[in-house]
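Before any comments, here is the structure.
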Amino acid sequence: MSRTRVLILGGGYVGLYTALTLLRKAPDKVDITVLDRRPYMTYAPFLPEVGAGSIEPRHAVVPLRRELDGARILQGKVERIDHASRTVEATTDLGEVFAVEYDEIVIALGAVSRTLPVPGLAEFGIGFKYVEEAISLRNRVLGRIARAATTEDEDLRRKLLTFVFVGGGFAGVEAFAETEDMAKAALRYYPELSRDDLNFVMVEAMNRILPEMGPDMGAYTVEELERRGMRVLLETRLESCVDGHIVLSNGEAFEADTLVWTAGVKPSPVIQSSDLPLGPRGHVNTAATLQVIDEHGVPVRGAWAAGDCAQVPNLVEDEGDWCAPSAQHAVRQAKHLGRNLAAYLNGEPLTQYKHKHLGVVASLGLNKGVATTMGFKLRGWPAWVMHRTYHLLAIPTFNRKARVALDWTTALLFRRDLVSMGRIHEPRRAFEEAARS
Ligand SMILES: Cc1cc2nc3c(=O)[nH]c(=O)nc-3n(C[C@H](O)[C@H](O)[C@H](O)COP(=O)(O)OP(=O)(O)OC[C@H]3O[C@@H](n4cnc5c(N)ncnc54)[C@H](O)[C@@H]3O)c2cc1C
C-alpha cells in the first residue's frame with residue numbers, strides 16, 4: 001500500500017509536535033516532510049532569558065533533524081502554497097527555488113511581528129520572536145553600555161542607554177524586565193556608570209499591561225517595574241522613531257539607540273497569497289477538528305492547520321470565539337491534529353479540539369515574576385520558581401531540559417555571563433582590516 005505524503009510547513013511548536021505524534025500513531029502510513037527556514041524549533045518562552053544571558057541560545061532551540069528521526073527535514077522559505085495542485089514552492093537561503101508535492105498538508109507557519117506604519121520603525125526597530133533577535137538584543141545592550149562608559153558626551157551617553165520597548169503583552173514585558181535586570185547586573189563592571197544612567201521605557205497603547213493576567217496583576221507589575229526605576233507609559237503610542245528620535249502620542253520626544261517592537265503578532269504573510277480559505281483576521285480558517293474549512297464550514301480535502309497561523313474555534317465558554325495565539329494551545333492543537341490526521345488515514349472518526357487555558361507565568365528577571373494559574377495568583381519569588389519549573393517541564397526533550405537546568409545552575413554558582421559578543425554580527429571585519437594593513 002502506498003504511503004501518504006504529509007508535508008508540514010513550519011517546524012515550530014505545531015510542526016514538531018504534529019510530526020512526533022504522526023510518527024508515533026501512523027508510522028507505517030505516512031512519509032513526513034517538515035519544511036522550515038530554520039533547522040530547529042524555537043522555545044520562545046525562553047527568549048527573554050536568552051537575551052538576559054541566563055540560558056545559552058542553542059539550549060533554547062530543539063534541533064529538528066535530531067528529534068524527528070524518520071521524517072525528512074527540508075530547510076527553505078515557503079514562497080507559495082498551491083493547494084489545488086498539491087504543490088509548495090520554496091527557496092533556499094542561497095535563492096534556489098524548489099518544489100515539494102504532497103497528499104496532505106499541515107499549515108504550521110506561526111506568526112510574524114505585527115507592525116504599524118510608524119515612520120522609522122522598519123529601519124530602526126528590532127523584533128523579539130526569534131533566537132537571533134534575542135542574541136542581537138543582548139549584544140546590543142551590553143555593547144551600548146560599554147560604549148556609554150567611554151564617552152564624556154552626556155547626550156550621547158543618554159541616547160546609548162535609552163532602551164524603548166513597545167507593547168506590554170507577556171513577551172514584551174518579560175523581554176523588558178529581563179533585559180533591564182541584565183543591564184543592571186552588567187553595571188557592576190562599569191564604575192563609570194550608575195543605575196540612574198539606564199533609561200528603560202515601555203510604551204503601551206492600552207491602559208494596562210499583561211492583559212492575559214487580569215487588571216490587578218497588570219497593575220502590580222507596573223508598580224514593580226517602576227519601583228525598579230523603569231518607566232511604563234500606558235495609553236501611549238509610538239508616533240515616530242526616525243533614526244532613534246522617539247516621538248510619543250503623549251507629547252514626549254527623546255533620543256534612543258534601541259527600540260524593541262513586541263506589539264503583537266499576525267499570521268505568517270505567505271498564507272495570504274495561498275489558495276487556502278482565510279478567516280477575517282488573515283488566519284487559515286480551521287474547524288475544531290483542525291481541518292481547514294471553507295466559508296461554509298466544509299472541510300477542504302487534504303489541508304490541516306493549527307497554532308498562531310490558524311483560526312481555531314474556542315469551544316471553552318468565556319474564553320473568546322477563537323483560541324489565543326499561545327504555546328499552550330499550539331502544543332495541544334498539534335498533538336490533537338496528529339491524532340486526527342492518523343485517525344483520518346485509518347478511516348476513523350475525528351474529534352474536536354477543546355482546551356481550557358491553564359494560566360500564564362512570566363519572569364521579570366532573576367527571582368522576580370508573576371503568575372496566574374487555575375485561580376491562584378503568585379508574585380515575586382514564588383511566581384519566578386513556578387515560571388522556571390513550568391518551562392523546564394514544558395521544553396521538549398530531556399536533552400534540552402538538562403542543558404537549561406545546567407545553565408541555570410551555573411549562572412547561580414558563577415553569576416551569569418555578561419560579555420558582549422557584538423563583533424559576532426560582523427565576522428569579516430577583523431580579516432578585512434588585516435588584509436588592508
Ligand atoms: C518572546 C516570546 C515569549 C513567549 N512566551 C510564551 C509563554 O510563556 N507561554 C505561551 O503559551 N506562549 C508564549 N509565546 C507564544 C508562543 O511561542 C507561540 O504561540 C507559539 O510559538 C506558536 O507556535 P506555532 O507552531 O504556531 O508557531 P512557531 O512556534 O512560531 O513556529 C512557526 C515556524 O514556522 C517557520 N516559518 C514561518 N514562516 C516560514 C516560511 N515562510 N517558510 C518556512 N518556514 C517558516 C518559523 O521558522 C517557525 O519555526 C511566546 C512568544 C514569544 C515571541
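The values are calculated or read from the model by the stated rules, or taken from the named source; none is laboratory data. Given the structure is predicted, the values throughout are model-derived calculations rather than measurements. Backbone-built Cβ (ideal geometry, glycine too); neighbour counts: all protein chains shown. Side chains included, ligands, DNA and RNA excluded: accessible areas come from the protein's heavy atoms. Shrake-Rupley method; radii C 1.70, N 1.55, O 1.52, S 1.80 Å.
Laid out as a table, the results:
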item: From Gly214, Gly218, Gly172, residue being buried (at least 17 other Cβ atoms within 10 Å of the Cβ), farther than 22 Å from Val50 by Cα and of a type outside the set (A, V, I, L, M, F, W, C); result: Gly218
item: Enumeration of residues in segment 353-398 that are among the polar types (S, T, N, Q) and touching a residue at least 24 places away in the same chain (Cβ under 8 Å); result: Ser363, Thr372, Thr397
item: Selected residue [out of contact with any Lys or Arg (no Cβ under 7 Å at 6 or more places or on another chain), modelled with pLDDT of 95 or more, of a type in the set (A, V, I, L, M) and under 21 Å from Leu393 (Cα atoms)] from Val97, Val106, Val14; result: Val14
item: Residue within segment 92-107 that is under 27 Å from Ala175 (Cα atoms) and either among the hydrophobic types (A, V, I, L, M, F, W, C) or within 15 Å of the ligand (Cβ to nearest atom) (or both) present; result: no
item: Residue among Ala334, Ala430 that alone is farther than 29 Å from Pro63 by Cβ and open to solvent by less than 90 Å² (accessible area, probe 1.4 Å); result: Ala430
item: Strands (runs of 3 or more DSSP E) wholly inside segment 233-328 containing at least 2 residues that are within 25 Å of the chain's Cα centre (by Cα) and not hydrophobic (A, V, I, L, M, F, W, C); result: 238-240, 265-267
item: Counted residues, segment 328-350 - those being within 15 Å of the ligand (Cβ to nearest atom) and modelled with pLDDT of 95 or more; result: 10
item: Search result, residues across segment 89-142 that are over 25 Å from the mean Cα position of the chain (by Cα) and crowded, with 18+ Cβ neighbours inside 10 Å; result: Val100, Tyr102, Glu104
item: Residue check for Val203: touching a residue at least 40 places away in the same chain (Cβ under 8 Å), open to solvent by less than 50 Å² (accessible area, probe 1.4 Å), farther than 29 Å from Tyr40 by Cβ and β-branched (Val, Ile, Thr); result: yes
item: Residue match in segment 197-211 (condition: out of contact with any Asp or Glu (no Cβ under 9 Å at 6 or more places or on another chain), under 15 Å from Phe163 (Cβ atoms) and in a helix (DSSP H, G or I)); result: yes
item: Checklist (1) more than 12 Å from the ligand (Cβ to nearest atom); (2) assigned to a loop (DSSP other than H, G, I, E, B); (3) open to solvent by 50 Å² or more (accessible area, probe 1.4 Å) applied to Tyr353, failing item; result: (3)
item: Selection from segment 31-50 of residues that are open to solvent by 10 Å² or more (accessible area, probe 1.4 Å) and either hydrophobic (A, V, I, L, M, F, W, C) or away from the ligand (no atom under 16 Å from the Cβ) (or both); result: Asp31, Ala44
item: Every residue from segment 7-30 that is open to solvent by 20 Å² or more (accessible area, probe 1.4 Å), within 16 Å of the ligand (Cβ to nearest atom) and among the hydrophobic types (A, V, I, L, M, F, W, C); result: Leu20
item: Failed criterion for Leu358 (all others in (1) surrounded by 15 or more Cβ atoms within 10 Å (Cβ to Cβ); (2) within 20 Å of the chain's Cα centre (by Cα) hold); result: (1)
item: Among the candidates Leu137, Leu109, Leu161, residue that is touching a strand residue (DSSP E or B) at 6+ places or on another chain (Cβ under 7 Å) and not assigned by TED's automatic domain parsing to the domain that holds Glu212; result: Leu109
